[in-house]
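Asks: Mind looking over this structure? Questions follow.
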Amino acid sequence: MNGFDFSKAGVTMEYQADGGQVVRCGASGDDVVHLACTVEGNILNIALLPSRPVRIVRFRIRLPFSFQREDRILSNGFQSWTDTREYGVNERMRGYNRLTELYMKSSMAHRLGVNRAGDATFHAYPRGRGVCYGYSYGYVRRGDDVYLLGSLSERSGYTILTFDTRRDTIWVEKELEGVTFDRETQLLSLAAIEGTYDAAFDRYFEQMGIPKPRVGRTCGYTTWYNYYTGINMDIIRRDLDALSAHGGFDVFQIDDGYQTAVGDWFSIRQKEFPDGMRAAAELIHSKGLKAGLWLAPFGAQRDSKLFAEHPDWFVRGQDGEPWLAGGNWGGFYALDIYRDEVRQYLQKLFDVVRNEWGFDLLKLDFLYAAAVRPIHNKTRGEVMCDAMDLVRQLTGDRVMLACGVPMMPAFGKADFCRIGADMSLSWRRKLFDGRENASTPNAIDNTVFRRHLDGRAFLNDPDVFLLRDTNIHFNLKKRRLLAKVNSLMGSLLFCSDNVSEYGEEQESVLREILSGARAQIISAGYIRRDVMRIRYRQNGRPETLTFRVSNGRIYPQGAADQND
C-alpha cells in the first residue's frame, strides 16, 4: 500500500464574516479565523478558532494519493437506503441519470418533498469516470489490504470523501451549511489506517470507542413485505401461529398499518385491531416470541391529527413554512427535536409503547427526517447525532432497530441497523431508480459492501428474505440466493411469509437459514462488471458463491470468468 503523510494535505476554507464577501484562506487562516491543524499518530485534527462570528461556505482538504489500476474504492452512501459499493478507478459512479437529477432539483420535487431522503438538496452528484464519493469513511482496497480514511465524529457536520482517481486526489469536505461559528470548534478528526480489511476496521472502531453490540444474531418476521399497510389481527394471528409452530424464530414484528396515520400513534385502527396494541403484544408473548413494533417517531403525515393540532412543533424552511421531510404517505413533516413540547410528546410515546403496550423491539424508521435540514444553528450532522442520542435514551432497555438513518450517528446507538435499501418484490435495476429507492440489487450491494459494520457499529439488518410463491416476482432460485447473502453477512434475518404455506424445498432453505453457522468472509466484491464473487468459510469448509447482481443469475464455479 502507499504510505500517507498528513503533512502533504492542503487545507482551504471559504467563509463570510458580518455578511460580507466570501473570503478564502489556507491552512494557517487569517486575522478573522485561525485553523489549528495537528497530527497525533494516525489522526489529523483541525479546530476552528474565529475572532468573530463566521459562516463557512466551504471547507475542504486535498490529500494526494497514488491510485493504481487494480484499486477498488468504497463509496459509502448517505444513509441506510443509499446505494453503497466498491468502484474501479475508471468506473462511473452509479446513481441518478441527468433527467432524474434535474427532477430531484426541480421546484416540483421540492413541493412534493421527494428529494429529501438522500443528499440531493445539499451535495452535487459527480459526472464522468474515476470520481466517486461517500460519507463519514471510505477506503481504497488493493488486493486484501485497504487504505481507510474515516471521520471519528460527525457532530460538527457530515464528512464527505471524494475519490478523484484522475487527479490522484482524495478530497475531504465537511457539511457546515447554515451555522454561524463564534467559538472554538473541532471541525474534523480524521483517521488514516492501513492494513487488512478486518484489521483496519477493527482499529477504526477501537479509535472511535464504539462499544460492542449487546444483542446477538436474531431471526424473525415482519408483516410489511406481504401485506404492507393492509394488516389486521386475523392476519397477525394466522402468521404468528404458523411461525410459533415452526420454531427457530425470536421476534414477530408488526409493521406500518396499525395506526390511523403516521404521527397519530395513539390512534389505532379499531376495526383491524379491536383490542388494541397491548393485546397484540401479549398474543405474541404467549407464543414465546418477542414483540416488535414499527414507528417513524420523528414524522407526521400532512393529514395527521398531530400536525393539525401542533403545526408549531415541526421543522420549517427559511420561508417559515413547514418543511417536507419526504414524499411518503402523501408527504410528511419532521418534528423539531429541540422543542421541549416535542421531547415531552416523544417521552410519552415511548413510555406507552414500552410500558403500557409492552413491546420489546422497536423498529424506528425514517430517522433521517430529524436532520432533513440545518436548524437552531446546528449542522445536519450535529442534529442527527443529537436525534440518535435522544431515541437511544427513549428506547431505554428495549432493543432498537434503526432504519432510514445516516450510518455514523447510529454507531453504538442502534442495536440493529438497516444497512441497505428495501428489497423489491421484483429483481431488477430500474432505469430511473433513486439512490434510496427499493431495489433488490442495491440491497445486495449494500449487504456485501457494508458487512464491516456488523458486530462493530451494531448488528446489520440486510432487510428481509422471502421464500413464498405468492406475491413475489422472482423464482425460488433467486429467492434462495437473497436468503443466502443475507445469512452470510447479516445478523437480523427477517422474513414476511406465512411459513405454513412452504413446500419441502422452501422448508429446507428456511432450516438452513435459521440453523446455519456464521460464515467467515474471506473476500467479496465484483470480479467484473455486474458479477459478484463471495469467498467464505462455513462449517469448516471453503465455499464460493458467484452471481450476477442485476438479475440474480448464479454461476457454477469458474463459469463467471468467461464472457456470457
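The values are calculated or read from the model by the stated rules, or taken from the named source; none is laboratory data. Everything numeric here is computed off the predicted structure, so don't read it as measured data. So basically every Cβ, Gly included, is an ideal-geometry build from the backbone, and we count neighbours across all protein chains shown. In case anyone asks, the SASA skips ligands and DNA or RNA and just uses the protein heavy atoms, side chains included. Shrake-Rupley method; radii C 1.70, N 1.55, O 1.52, S 1.80 Å.
Asks: Do the conditions hold for ARG62, that is, is it closer than 18 Å to SER7 by Cα, part of a strand (DSSP E or B), open to solvent by 70 Å² or more (accessible area, probe 1.4 Å) and at pLDDT 95 or above?
Replies: Spelling it out, ARG62 is indeed closer than 18 Å to SER7 by Cα, part of a strand (DSSP E or B), open to solvent by 70 Å² or more (accessible area, probe 1.4 Å) and at pLDDT 95 or above.
Asks: Of all residues in the range 250-264 being in a strand (DSSP E or B) and touching a residue at least 40 places away in the same chain (Cβ under 8 Å), which is farthest from ALA291 (Cα to Cα)?
Replies: For the range 250-264, the residue satisfying everything is ILE254.
Asks: Identify the residue in the range 1-59 that is in a loop (DSSP other than H, G, I, E, B) and hydrophobic (A, V, I, L, M, F, W, C) and, among all such residues, is farthest from LEU187 (Cα to Cα).
Replies: Applying the filter and picking the extreme gives MET1.
Asks: While we're on this one: Can you report the number of residues in the range 423-456 which are among the hydrophobic types (A, V, I, L, M, F, W, C), in a loop (DSSP other than H, G, I, E, B) and crowded, with 24+ Cβ neighbours inside 10 Å?
Replies: Here the count works out to 1.
Asks: Another question, then. Looking at ARG141, ARG98, can you tell me which residue is in contact with a strand residue (DSSP E or B) (Cβ under 9 Å, 6 or more places away or on another chain) and either within 20 Å of GLN318 (Cβ to Cβ) or basic (Lys, Arg) (or both)?
Replies: Just one listed residue meets the conditions, ARG141.
Asks: Output the qualifying pairs, or none if there are none: Cβ atoms under 8 angstrom, residues six or more apart or on different chains, first residue in the range 473-497 and closer than 27 Å to LEU240 by Cβ and touching a residue at least 40 places away in the same chain (Cβ under 8 Å), second residue in a loop (DSSP other than H, G, I, E, B) and small (Gly, Ala, Ser).
Replies: Final answer for the pair search is HIS473/SER426; PHE474/SER426; PHE474/GLY552; LEU482/GLY552; SER491/GLY216; SER491/GLY455.
Asks: Identify the residue in the range 170-181 that is under 21 Å from the mean Cα position of the chain (by Cα) and farther than 19 Å from TYR368 by Cβ and, among all such residues, is least open to solvent (accessible area, probe 1.4 Å).
Replies: Ranking the candidates gives VAL172 first.
Listed here are the residues, each with its yes/no results for (1) within 18 Å of GLY118 (Cα to Cα); (2) free of Cβ contacts under 8 Å to residues at least 24 places away in the same chain.
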| residue | (1), (2) |
| --- | --- |
| LEU149 | no, no |
| LEU152 | no, no |
| SER156 | no, no |
| ASP164 | no, no |
| ARG167 | no, yes |
| LEU176 | yes, no |
| ASP182 | no, no |
| LEU187 | no, no |
| ILE193 | no, no |
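Asks: Based on what the data block shows, is VAL22 in contact with a Lys or Arg (Cβ under 9 Å, 6 or more places away or on another chain) and open to solvent by less than 20 Å² (accessible area, probe 1.4 Å)?
Replies: no
Asks: Quick one: is ILE193 within 24 Å of CYS132 (Cβ to Cβ), touching a Lys or Arg at 6+ places or on another chain (Cβ under 6 Å), at pLDDT 95 or above and not hydroxyl-bearing (Ser, Thr, Tyr)?
Replies: So ILE193 fits the description; yes.
Asks: Still on this structure, please answer the following. Determine whether ALA483 is of a type in the set (A, V, I, L, M, F, W, C) and either at pLDDT below 95 or under 30 Å from SER153 (Cβ atoms) (or both).
Replies: No: the conditions fail for ALA483.
Asks: Taking the condition of being modelled with pLDDT under 90 and either open to solvent by 90 Å² or more (accessible area, probe 1.4 Å) or in contact with a Lys or Arg (Cβ under 8 Å, 6 or more places away or on another chain) (or both), how many residues in the range 84-109 meet it?
Replies: So the answer is 8.
Asks: Considering only residues that are in contact with a Phe, Trp or Tyr (Cβ under 7 Å, 6 or more places away or on another chain), surrounded by 23 or more Cβ atoms within 10 Å (Cβ to Cβ) and part of a helix (DSSP H, G or I), which ones fall in the range 484-507?
Replies: ASN486
Asks: Name the strands (runs of 3 or more DSSP E) wholly within the range 325-422 that hold at least 3 residues that are out of contact with any Cys (no Cβ under 8 Å at 6 or more places or on another chain) and either of a type in the set (Lys, Arg) or crowded, with 23+ Cβ neighbours inside 10 Å (or both)?
Replies: Output list reads 332-334.
Asks: Looking only at the range 159-169, decide whether some residue is more than 24 Å from ASN42 (Cβ to Cβ), open to solvent by less than 10 Å² (accessible area, probe 1.4 Å) and either out of contact with any strand residue (DSSP E or B) (no Cβ under 6 Å at 6 or more places or on another chain) or not basic (Lys, Arg) (or both).
Replies: Taking every residue of the range 159-169 in turn, none turns out to be more than 24 Å from ASN42 (Cβ to Cβ), open to solvent by less than 10 Å² (accessible area, probe 1.4 Å) and either out of contact with any strand residue (DSSP E or B) (no Cβ under 6 Å at 6 or more places or on another chain) or not basic (Lys, Arg) (or both).
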